[in-house]
Structure formats: C-alpha cells, structure tokens
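First the structure, which I've put down as structure tokens, then a few questions once you've had a look.
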C-alpha cells in the first residue's frame, strides 16, 4: 500500500513500536510521536531497516497532553506529506495500582490527561486534517484495552479512561461518516511488552490472589492493526479484541 501516511503515538516502545514496524514493512510512511526522543529514534532506525531503503520515518517528539504540541505534530505531518491516512492513537499509561481510597488526585489526573485527553487531542488533530484534505477521509484506530470491558483490581483511573476511549471511538465513527473518516478500536489483552512484564511473575486477581498470567507476542497485535488500517474506507473493524488465549478475561472475577 504505497504512499500511505500514518501517525503513530507512543511509538517509542511496546505496542506503538511493534505497529510502526509492521506498517513500515508494508511500505507505509511514518510519523513517530512520543515524549522521549531517543526511543523514537530507535524505532525510526528499525523502521528504516524494515523499509529496506525506503523513505524512513519522521520523528516528532510530542507530549500528547499539550494541545500546542499536538497541533505541531499534525502541522509537521501536513507539511512533510500533504495528507494523513491513518492515526494509530496509542499513547497511554496504566498509572499506579492502589486502592480507590488511596489514589491521589494527581495520580488520577495524570492518567486521565494522557489516556483520555491526549487521545482526544490527537483524534481531533487527525480528524481536522482528514476532513480538510483532498481526497477527503482517513482512518483513526484507538488503542483501547481489555479494561475497556472489565477492570483489574485497583485500576480505577486506567479502567475509567479506557471505557471513555470506547465512547471516543463511537463518537468519532458517527461524526466522521460524512467525511469518509473511519474509526475503530483495538482492545488488547496481555501483549508481551515492558508495560506487561509483571504478568509473568504475578499480578493481583479479582479474588485477591497473585498469579502469573499468559501473554502473547506483540507482533500479533501489530498484524491486527495493519489489517484494520489497510481496509478500504468503505469497510471498518469497529472493535477488535486480541488477547492471550488463556488469560483470565472470559470469566474474570
């Protein structure tokens, strides 16, 4: 799929990096966003290798909680490429795992700012570009979570924001119809990344036990995102759930 332009947020590590590399291998041109420059440069180098001499990736360090920084990200994308075909809206954090009564306002706010407000700001920036460009349209894929369906213990901020991302996805899908802007969501369970490293040693279960949980290769998530991304705009995967087969999701709690 040549000449397709994608912005990937949270592209320096984990799911974001895996998706960036999968898209690069398929010939997409990439704009890589994240807070830390060095991991983004590492992803860009890996993407250049995957492209086998292709155009490489543009690195734009971005704090997605900052409206001005997000505006600059999409302005840079428009200046470099003239259009945008895909936003993988991926940046996020789990935050601290503590009982509800112990969660500080600052800890709550930091998760909401990144997972929800940041996702909104990036979606808004992509929507504006996709609506204005000719030919009109594009696709937004939001990174939800299994926690958009069911919570883990002591995860109220993360769970609340991921439920809210589902509302964001639905509203974007509706509001994007007149402009050929498709929006879908991928809900991921236990992909093996730095963020889920604790799964193999043991995490708290709904009954209070601490138990190890199965994980899956993050590359399987990336392939799913690529499939969603490469559909024609007349088709959309509204919600996809990709999880480690034996993880405690069905029947959780």
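Please work out how much length the chain gains when fully extended from residue 48 to residue 233, using 0.36 nm per residue of separation minus the C-alpha to C-alpha distance, in nm with one decimal.
My answer for the length gained is 63.9 nm.
Mind putting together the pair-distance distribution for the stretch 5-88? All Cα pairs, 5 Å bins, whole percent per bin, short to long.
Calculated over all Cα pairs of the stretch 5-88, the distribution is 3, 18, 30, 27, 17, 4, 1 percent.
Same structure again: For a Förster distance of 25 Å, can you work out the FRET efficiency between the beta-carbons of residue 66 and residue 133, rounded to the nearest 0.05?
In this case the efficiency is close to 0.55.
For the chain, find the longest principal axis of its Cα atoms and tell me its angle to the long axis of helix 218-229, 0 to 90°, nearest 10.
It works out to around 50 degrees.
Something else now. Out of 218, 98, 242, any idea which swings most in a Gaussian network model of the chain, alpha carbons joined below 10 Å?
Ranking 218, 98, 242 by mean-square fluctuation puts 98 first.
Which of 23, 46, 73 moves the most in a Gaussian network model of the chain with Cα springs under 10 Å?
46
Quote the convex hull volume per residue of the stretch 42-158, based on C-alpha atoms, as a whole number of Å³.
129
Here is a follow-up. At 0.36 nm per residue, and after removing the present C-alpha to C-alpha distance, how many nm does the segment from residue 80 to residue 179 gain when stretched out fully?
Separation in residues times 0.36 nm, less the Cα-Cα distance, equals 33.4 nm.
Taking only C-alpha pairs under 8 Å that are 6+ residues apart, what is the relative contact order of the chain in percent?
18
Let me ask another. Calculated FRET efficiency, residue 217 and residue 105, Cβ-Cβ r, R0 51 Å, to nearest 0.05?
0.85
Using just the alpha carbons, could you tell me how many Å³ per residue the convex hull of the stretch 11-50 encloses?
Taking only Cα atoms, the stretch 11-50 has a hull volume of 48 Å³ per residue.
Here's a follow-up. Calculate, in nm to one decimal, what residue 150 and residue 171 gain on full extension: separation in residues at 0.36 nm each, minus their alpha carbon distance.
Once the chain is fully extended between residue 150 and residue 171, it gains 5.5 nm.
Report the Cα-based extents of the chain along its three principal axes, largest first, to the nearest Å.
Per principal axis, max minus min of the Cα coordinates gives 53, 36, 34 Å.
Using a Gaussian network model on the chain with a 10 Å cutoff between Cα atoms, which of 114, 168, 233 fluctuates the most?
In this elastic network of the chain, the residue with the biggest mean-square fluctuation among 114, 168, 233 is 233.
Then there's this: Quickly estimate the mean residue ellipticity at 222 nm for the chain, helices only: each DSSP H run with n ≥ 4 gives -39500 (n - 2.57), and the total goes over all residues, rounded to 500.
Taking each H run of at least 4 residues, the total per residue is -12500 deg cm²/dmol.
How large is log10 I(q)/I(0) at q = 0.10, 0.14, 0.16 Å⁻¹ when the Debye formula is applied to the Cα atoms of the stretch 125-248, each weighted equally and without solvent?
Ignoring solvent entirely, the Cα scatterers give -0.37, -0.67, -0.82.
When DSSP assigns beta bridges and you keep just the ones with both residues in the stretch 5-243, what percent turn out antiparallel, to the nearest 5?
5
Given points 7 Å out from each Cα along the Cα-Cβ axis, report the residue 206 to residue 41 separation in nanometres with one decimal.
4.6
If you line up the long axis of helix 67-81 against the longest principal axis of the chain, both from Cα atoms, how many degrees apart are they, to the nearest 10?
40
Here, each number is a calculation from the coordinates, and none is a lab measurement. Here the structure is a predicted model, which means the values were calculated and not measured. Cβ sites come from the backbone with ideal geometry, for glycine too, and all protein chains shown count toward neighbours.
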